[in-house]
Each structure stands twice: as C-alpha cells, then as structure tokens.
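Below is one structure; the comments refer to it alone.
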Amino acid sequence: MRGFDNPAEILNAIIIIVIIIIIKIIEMATTIQISEDTKKKLFHIINHLEKEWGRRITYDEAIKFLLKDENIKFNRNEFLRNIKKFQGIFKPGEGKNLLKESREKDYEREKRF
C-alpha cells in the first residue's frame, strides 16, 4: 500500500472518503409522499413508541412496527371461540354499557395523543 508524502495528499484522501460516505448515505434514503393527516398520525405513533421503548424512533422503525405480521393477523374463528367462553356472564344490556364506556375511554385517550 502506498504511503502519503505530504499533508495535502492526506487531506485529499479524507475528502474523497467523506464524499463517498455522503453519497452512500444519500443513496440509502427514500422519499415517500404521505398526506399531512397520515404524517400526524405516524408522528403520534412514533411518540407513543418512544415513550414505550425509551429511545428515539425513526419513521422507518414506526412503519416496520405497523407492518409486522402480529399487528395484522386476525383469526375470526379463534376470536369467536374465545367470545363463546364468556357468553352469559353479563346481565342484559351490561355488555353494551361496558362497550360504550370502553369506547369513551379510547376516545379520550386518542384526544390526549
């Protein structure tokens, strides 16, 4: 390997390395177009994840979190089997009241976000 004879050669080599690194970083980033509403919702998710995980979260990490399989899967038959276990434990109308209260709590939680 060739050595450097003077400081100018060292500086030139450093500049070339820095330029290559900057080009590689720029190549890694991709721009996507989303609406302001989607951006706000994604920002709220990032804030929530940062509080939960205790560190900074990138938009990429938030999107990957939302796209994880376990967040999407829903097995209707398994859901119905689980619901049937609890049939008859509420008095008439009590389930609707609990659902209404639960939705009100969810709504209040969303407003705080």
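Numerical summary
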{"item": "Candidate set: segment 49-65, residues that are part of a helix (DSSP H, G or I) and over 9 Å from the mean Cα position of the chain (by Cα); chosen: the one surrounded by the most Cβ atoms within 10 Å (Cβ to Cβ)", "result": "E50"}
{"item": "Residues of segment 19-41 that turn out to be at pLDDT below 80 and charged (D, E, K, R), as a count", "result": "2"}
{"item": "Residue satisfying all of: in segment 90-99; surrounded by 10 or more Cβ atoms within 10 Å (Cβ to Cβ) and not small (G, A, S); farthest from F43 (Cα to Cα) among these", "result": "F90"}
{"item": "Any hit, segment 74-89, residues being in a loop (DSSP other than H, G, I, E, B), modelled with pLDDT under 75, of a type in the set (F, W, Y) and loosely packed, with under 11 Cβ neighbours inside 10 Å", "result": "yes"}
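The values are calculated or read from the model by the stated rules, or taken from the named source; none is laboratory data. Bear in mind the structure is a predicted one, so any value in this text is a computation, not a measurement. Note that we place each Cβ from the backbone using ideal geometry, even for glycine, and neighbour counts take in every protein chain shown.
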